[in-house]
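**Q** One structure, pasted below without further comment.
Please treat every number below as a calculation from the coordinates, not as lab data. Nothing here was measured: the structure is a model prediction, and the numbers come from that model. Cβ placement follows ideal geometry from the backbone for every residue including glycine, while neighbour counts extend to all protein chains displayed.
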């Protein structure tokens, strides 16, 4: 009704021709998407970038990895050389983090410790993921009886107290870097397998999987291309939480006397060695390993939280 | 419901059997005889051990006898302390460890839930950030480091609390604090996230519309549903508190089971290690079972007969 009263309104007759241009008929150009498409990962990264805590976690961990690689090289001291005349030197220009009960440079030992702790953490997470993906993938995809049997096994293993088995294994195998990693992964993969299975079971019923099945795609390819990429989100989140728990477990084991044997410095061993020292006022021997254990766990935890939010498309604003 | 309980019971028994067998296999596979370690010159102990473990008999007989001794809760003598059996150590240590564990759980659950509720009610407010900051720190700082810090500051520097041992309520403050912080943080985070979810539900709006006081809405309506996830992780938390107590008892010189356990590890006192492991595992597995059952009873939505798979 209003239309006719509106002076701004143009009807077909008084629209000037110069407003229009002829376009070539080009189907390909018409189909172009105007803005760059955001892949799942780009979108997740965009959201993760806005999360201050998670980003500081990434920065801290990157620096830590760099220092673990280059720290011992940069330092003029050797991690295991004992200089008894320089026992318990407080932090100074020469020894940035001070020296410990055997006169060893805490700065150098801290980065050696980082190597060992991070190595244990990453290896444990990697092995967990590998076994978890295979077990959970097969169990979730096959379903039915296979799934039933595989899940019962998981349920039984899940009930076994994790650290007790680790302790038991280490008592028998004897603590070393490889046995600790083996012990940590013997029942550690169970959680990962559960997550992968849950994801696979959900996704395998989606239409696109049905579509690719009806094209005659072979099962391994469906699993590899269709299912696994879409389960990656929760797997990565779980991984970021596995690494700190492995680091914690390693520190815990050092603490009850099952750690990597003493000249090799892991953070747990360093903290354990300096427990007595703190009461006599030599706080730095405990402070630096304790600080790095806590901060690494903190960084992984906030990163895991951030990734969880960023990788979940449902939380998209 | 009965079917659900029976199924869980069967799994529990299987898990127990596996851990007992694993313990046996590991004990047998220790290089040499675990009972011939150096410093073990006591003839009588040696004979007692060989008799108890029937080391002269074939392996399957040993296994059956071992199963029998576990079933009758007889874990045999200690190697390092000639007059002690594993049962003596357990009998002395368990009540103290149980006390520590129980107080820790109560403190962790109550403070964790309160912290979680406060954070959820002031979502994105100062209290929320503060509570979640505490929670992330609590998860990140290993309990043995926290324990050392607490001793250093509160006991040595400021002399508020005694440094160690387990005698009066004042003695209990620091160990419980060190042990409860981690679980508290986990509970707080969980309570917060489920509370946030629950508070947006229609029935909460309905309760508000009816004009109920916020207090009533939270306690009678929201909290009930928000606590279900907390119950599901109780098993994991219990395991964490138990293993945590190994270290805490060691640091604070509390004469509980954990302290004996760590000592037995350091001395490679195999019968004690085996006995305590089996005891701890059995205890935990039964607890997990009870948590499962409690969950099945408490949550009316759980269809106990449904097939696994969410």
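**Q** Please compute the Kirkwood hydrodynamic radius of chain A from all pairs of different C-alpha atoms, in Å with one decimal. Don't skip to the answer; put the middle values down first.
**A** Values: mean 1/r = 0.0422 Å⁻¹.
With all distinct Cα pairs of chain A included, I get 23.7 Å.
**Q** Moving on to the next point. Given all pairs of different Cα atoms, what value in angstroms does the Kirkwood hydrodynamic radius of segment A:142-210 take? Display every interim value, and only then the final one.
**A** On the way: mean 1/r = 0.0717 Å⁻¹.
Radius from the Kirkwood sum: 13.9 Å.
**Q** Return the FRET efficiency for the residue pair residue A:232, residue A:55: r is the Cβ-Cβ distance, R0 is 22 Å, and the value is rounded to the nearest 0.05. Could you put the intermediate results ahead of the total?
**A** On the way: r = 20 Å, r/R0 = 0.93.
Using R0 = 22 Å, I get an efficiency of 0.60.
**Q** Using 0.36 nm times the number of residues separating residue A:70 and residue A:134, minus their current alpha carbon distance, what extension gain do you get? Show your work: numbers first, answer last.
**A** Values: separation 64, 0.36 × 64 = 23.04 nm, distance 3.52 nm.
Here the segment from residue A:70 to residue A:134 would lengthen by 19.5 nm.
**Q** Per-residue counts of other Cβ atoms within 10 Å, averaged by peptide: what ranking do you get for B:277-284, A:234-241, highest first? Write down the numbers at each step before the final one.
**A** Working: B:277-284: 21.6, A:234-241: 19.9.
Taking the mean over residues of other Cβ atoms within 10 Å, the ranking is B:277-284, A:234-241.
**Q** Averaging sequence separations of C-alpha pairs under 8 Å and six or more residues apart, then dividing by the length of chain A, give the relative contact order as a whole percent. Before the final figure, lay out each step's value.
**A** Numbers: 386 pairs, mean separation 74.2, N = 317.
It rounds to 23 percent for chain A.
**Q** Follow-up question, since we're still on this one. Based on the inverse mean of 1/r over its pairs of different Cα atoms, what is the Kirkwood hydrodynamic radius of segment B:150-251, in Å?
**A** On the way: mean 1/r = 0.0613 Å⁻¹.
It is 16.3 Å.
**Q** Let me know the shape class of chain B, please: from the alpha-carbon gyration tensor, a ≥ b ≥ c as square roots of the eigenvalues, rounded when a/c is under 1.5, otherwise prolate if a/b is greater than b/c, or oblate.
**A** Details: a/c = 3.31, a/b = 1.59, b/c = 2.08.
Here chain B falls in the oblate category.
**Q** Work out the mean other chain Cβ neighbour count within 10 Å for the residues of B:132-140 and drop it here as an integer. Walk me through the intermediate numbers first.
**A** Working: counts 2, 1, 0, 1, 6, 4, 0, 7, 12.
Counting other chains' Cβ atoms within 10 Å and averaging over B:132-140 gives 4.
**Q** Give me the angle, in degrees from 0 to 90, between the Cα long axis of helix B:2-29 and the longest principal axis of the Cα atoms of chain B, rounded to the nearest 10.
**A** Its long axis makes an angle of about 40 degrees.
**Q** Mind checking B:143-152 for the average number of partner chain beta-carbons within 10 Å of each residue's beta-carbon? Mind showing how you got there, number by number?
**A** On the way: counts 3, 12, 11, 2, 1, 9, 5, 0, 3, 5.
Partner Cβ neighbours, averaged per residue: 5.
**Q** Another one. Average partner chain C-beta neighbours within 10 Å, per residue of A:248-258?
**A** Values: counts 7, 2, 0, 4, 7, 1, 1, 9, 11, 7, 3.
So the per-residue partner count for this stretch is 5.
**Q** When a/c is below 1.5 the answer is rounded, else prolate if a/b is larger than b/c, else oblate, so apply that to the protein assembly as shown with a ≥ b ≥ c taken from the square roots of the Cα gyration tensor eigenvalues. Before the final figure, lay out each step's value.
**A** Values: a/c = 1.80, a/b = 1.55, b/c = 1.16.
In terms of gyration-tensor shape, prolate.
**Q** Can you tell me how segment B:167-310 classifies by the Cα gyration tensor, rounded, prolate or oblate, using a/c under 1.5 as the rounded cut?
**A** Details: a/c = 3.77, a/b = 1.85, b/c = 2.03.
The shape class here is oblate.
**Q** Translational D (Stokes-Einstein, µm²/s) of segment A:188-317 at 10 °C and 1.306 mPa s when Rh comes from the Kirkwood sum over C-alpha pairs? Could the numbers behind the result be given before it?
**A** Numbers: Rh = 17.8 Å.
The diffusion coefficient I find is 89 µm²/s.
**Q** Using just the helices of the protein assembly as shown, give the 222 nm mean residue ellipticity in deg cm²/dmol: DSSP H runs with n ≥ 4 each add -39,500 (n - 2.57), and the total is spread over all residues, rounded to 500. Don't skip to the end; give the middle numbers.
**A** Values: 26 runs with 421 residues, N = 627.
Calculated mean residue ellipticity at 222 nm is -22500 deg cm²/dmol.
**Q** Sticking with this one: Can you give me the angle between helix A:283-311 and the longest principal axis of chain A, using Cα atoms only, in degrees from 0 to 90, rounded to the nearest 10?
**A** 20
**Q** Helix A:189-203 sits at what angle to the longest principal axis of chain A, using alpha carbons and giving 0 to 90 degrees rounded to 10?
**A** Roughly 0 degrees, rounded to the nearest 10.
**Q** Can you tell me the length gained on complete extension of the stretch residue B:21 to residue B:73, counting 0.36 nm per residue apart and subtracting the Cα distance?
**A** Numbers: separation 52, 0.36 × 52 = 18.72 nm, distance 1.51 nm.
Working it through step by step, the gained length comes to 17.2 nm.
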